[in-house]
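Let me begin by presenting the structure, written as structure tokens, before commenting on it.
The values are calculated or read from the model by the stated rules, or taken from the named source; none is laboratory data. Every value quoted in this text rests on a predicted model; they were computed, and no experiment measured them. Note that each Cβ is placed from the backbone with ideal geometry, even for glycine, and that neighbours are counted across all protein chains shown. To get the accessible areas, we keep the full protein, side chains included, count just its heavy atoms, and leave off ligands, DNA and RNA. Shrake-Rupley method; radii C 1.70, N 1.55, O 1.52, S 1.80 Å.
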Amino acid sequence: MSRPLVYFLLVLVGGCAGSGGPEEEKDKDVISEADPTISLSSNRIFENLASNTQVGVLSVINSTDTFSYTLVSGEGDADNALFTLLDNALLAINSFDYETTPELNVRIQATSASSSISSSFSVSIVDVSGVVITLSPSNPAVAVGSSTAITASVISESGATNSAISWIAPNSDIATIVSTGNLTANITGVADGSVSINAIIDGVGSKFIVNVCTLLTNIMYVKNDATGLADGSSWSNAFTTLTEAINVATANTQIWVAAGTYTPGSNVTDTFQLVDDVKIYGGFIGDEGACNNSLLVRDVTGSILSGDLSNNDGDGLDESLLVDNAYHVVTGSGTNSTAVLDGFVIKSGNADGSGDDKNGGGIYNDSGSPTFRNLTIKNNIANSDGAGVFNLDGDASFSNVSIIENKSGDDGGGILNDGSAISMINSIVSNNTSVDKGAGIYNKKKKPTYINVLVQGNTSQDNGGGVYNDDSKPRFTNSIIIGNKALGQGGGVDSKGESEAIYTNCVISGNSSDEEGGGISNREISNSIIQNSIVWGNISAISNDNVFNDSGDDLSQPTFLNSVVEGTGGSSNWVAVFGSDLGSNLDASPNFVDEIDPQLAPSLDGDYQLQSDSIAVDAGLNSAELDEDYDGDSNDDSISDVLLDFNLATRIQGEVIDIGPYERSTN
């Protein structure tokens, strides 16, 4: 299944596990149908390069674990001695010669706290018959009316060369370029835009994109290995800690943070406190120009905000190693939506204190409404609630966020919202655990909204494996709740306390509970609305595999409209114990591409797209009401106002919407 994450960044546009949709760029899949596999970003290297040149970056796809890498003996290890590893980067110890050795073989092992895998790779040596030209800075940006110096490095067949380069800027309306030496030049910005600069030597040319813009003047820079003045004025003079930058940031400031790991201080009470009117962006290489479009080419997994103050946690979630970690890695309390955190991994928080310090290991947010974008929140712990994220009386927004592998001692392993009308879009809540309720999401009071959200593989030792609602009115649209496990009630969702959830174009499947309601449990007069949705293939160890409703004084009476619900008999033969039939409901297999066996829950498998012969194709209701204004026109919308499906494809193809989160293509 592809993720719904739309990072709008060059490196991280992708889809949610379980969708089977195409991967648009690169991101490490949190969830996949395949076994974990070691990946090398590049297996080619030019001949005649300097020693310790990077070949590629290692990662493990189809796993949420954190891995370390080593060179190991075994099949395909013939040339291990010619390489070394620096963290997850494979480096060539010496320069290679294509004519002597056109290909080399290396074997690498990836080890996490729970598993170990190894793979062999062939590294091709690229013949340099002419020249290879690289540029510094690698992402040049030029201010309109100003000049910037650039320097080229040239590798030829015989090695490095200092021959003169000819520089050409084809579009002189945007930028001009003048040589200042054999390998150097000055670029002058003329007007906003991008221009392709040609560097030609010995008849061979390379093209480089130069951005010309009115440079931003409100940026402070953070880079943990900077050696300059440490005043934040440039990458070379960057602060070496993020805390320094936050402490001196003023209104309308952007803080740009280079790749690396940053901790909030040395005391467990230290935290990265967000500030109104300050936007913090991560994932930079550390030489980008101060143009807005530099924000579009970030690796948002490269900058890590860690609670590991002693740098001794290792990989995964080993609670014994987190005892001296920060209570809260990030705090958003007291802020409004102008406080922005964008492009980071937030990990290793340990809220094992008392009072407020027992909640929110990753993010703690009391009476704040900050903006969170392009984040991975993982491997955080809370003695009580909201291990990944804790929201109390605040309306934070979350976009393109993965909340994975967090663990709470009480409620809300992934995220807990108490009196908080949060909004979440294009996000994942996966593989979290809770000792009590709501392993993935816990909603208490108010009306949180979720669009294109995957809730998968979470495990609660009580009720609500995926989602738990208490006196809450959550709205789930184009969302997927699959493969979750509850040792109590509601494997997928448990609602109580007069909750009024609305599920529109959702799928709830492959979930399991040891008590009632493998898919959905409605208790204490909780009346859900299920429309254009699929509730199928869930299991309960007691009864009511797909939907359980309280009876008697606590009677819960959900309503169903244009949905596929297993065991109901459909509208033509409706079984009243399920709730109220509002028409056009079906009870036949939706024919998913690959549904999860609920007996295997928690599970990170599955593909819930519809096959071409599915009864859910063109069977929905275009006018299904959402009780929410998604398009900003101040009116409550219908599903037809939500233009994209879970895979970010056009929501209605043809004349009638499909049932479920995916729209079957008419092509």
Is it fair to say Ser333 is at pLDDT 95 or above, open to solvent by 10 Å² or more (accessible area, probe 1.4 Å) and in a loop (DSSP other than H, G, I, E, B)? yes
Kindly list, by first and then second residue, each pair from a residue in the range 57-75 that is within 17 Å of Asn379 (Cα to Cα) and of a type in the set (Gly, Ala, Ser) to a residue that is assigned to a strand (DSSP E or B) and open to solvent by less than 30 Å² (accessible area, probe 1.4 Å), limited to pairs with Cβ atoms under 8 Å and residues at least 6 apart or on different chains. Ser68/Ala110
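Show me the strands (runs of 3 or more DSSP E) found entirely inside the range 197-289 where at least 2 residues are within 27 Å of Thr338 (Cβ to Cβ) and aliphatic (A, V, I, L, M). If you could, list the steps in order and put the result at the bottom.
On the way: elements: 204-213, 219-222, 253-258, 260-262, 278-284.
Per the criteria, 219-222, 253-258, 278-284.
Is there a residue being of a type in the set (S, T, N, Q), closer than 30 Å to Gly362 by Cβ and open to solvent by 50 Å² or more (accessible area, probe 1.4 Å) anywhere in the range 193-215? Break it down into steps so the answer makes sense when it comes.
First pass over the range 193-215, keeping only residues of a type in the set (S, T, N, Q): 194, 196, 198, 206, 211, 214.
Now narrow it down to the ones that are closer than 30 Å to Gly362 by Cβ: none.
Looking for residues that are of a type in the set (S, T, N, Q), closer than 30 Å to Gly362 by Cβ and open to solvent by 50 Å² or more (accessible area, probe 1.4 Å), one finds none in the range 193-215, hence no.
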Ala89 fails exactly one of the following numbered conditions: (1) at pLDDT 85 or above; (2) more than 23 Å from Tyr69 (Cα to Cα). What is the number of that condition? (2)
Residues of the range 76-126 satisfying the condition of being in contact (Cβ under 8 Å) with a residue 40 or more places away in the chain, out of contact with any Ser or Thr (no Cβ under 8 Å at 6 or more places or on another chain), of a type in the set (A, V, I, L, M, F, W, C) and part of a loop (DSSP other than H, G, I, E, B): Phe96
Leading residue by the ranking (surrounded by the fewest Cβ atoms within 10 Å (Cβ to Cβ)) among those in the range 509-545 that are in contact with an Asp or Glu (Cβ under 9 Å, 6 or more places away or on another chain) and more than 24 Å from Tyr608 (Cβ to Cβ): Ser543
Members of the range 611-641 found to be open to solvent by less than 40 Å² (accessible area, probe 1.4 Å), closer than 25 Å to Ile428 by Cβ, at pLDDT 80 or above and part of a loop (DSSP other than H, G, I, E, B), listed by number: Ser614, Ala616, Gly620, Ala624
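Yes/no per residue for (1) open to solvent by less than 50 Å² (accessible area, probe 1.4 Å); (2) at pLDDT below 95; (3) farther than 16 Å from Gly307 by Cα:
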| residue | (1), (2), (3) |
| --- | --- |
| Asn237 | yes, no, yes |
| Leu242 | yes, no, no |
| Ile246 | yes, no, yes |
| Gln254 | yes, no, yes |
| Val257 | yes, no, yes |
| Asn267 | no, no, no |
| Leu274 | yes, no, no |
| Gly286 | yes, yes, yes |
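Mind checking which residues of the range 426-476 are hydroxyl-bearing (Ser, Thr, Tyr) and either part of a loop (DSSP other than H, G, I, E, B) or open to solvent by 10 Å² or more (accessible area, probe 1.4 Å) (or both)? Don't jump to the end; show me each part of the working.
Pass one, the range 426-476, residues hydroxyl-bearing (Ser, Thr, Tyr): 427, 430, 433-434, 442, 449-450, 459-460, 468, 472.
Correct list: Thr433, Tyr442, Thr449, Thr459, Ser472.
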Do we find a residue being under 23 Å from the mean Cα position of the chain (by Cα), over 20 Å from Gly413 (Cβ atoms) and open to solvent by 40 Å² or more (accessible area, probe 1.4 Å) anywhere in the range 311-323? yes
Qualifying residues in the range 557-578 (those that are in a loop (DSSP other than H, G, I, E, B) and in contact (Cβ under 8 Å) with a residue 40 or more places away in the chain) - the one surrounded by the fewest Cβ atoms within 10 Å (Cβ to Cβ): Asn562
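Just to be sure I understand, how many residues within the range 655-667 are under 18 Å from Asn591 (Cβ atoms) and open to solvent by 20 Å² or more (accessible area, probe 1.4 Å)?
Kept after step one, since they are under 18 Å from Asn591 (Cβ atoms), are these residues of the range 655-667: 656-666.
With open to solvent by 20 Å² or more (accessible area, probe 1.4 Å) added as a condition, the list becomes 656, 664-666.
Selection size over the range 655-667: 4.
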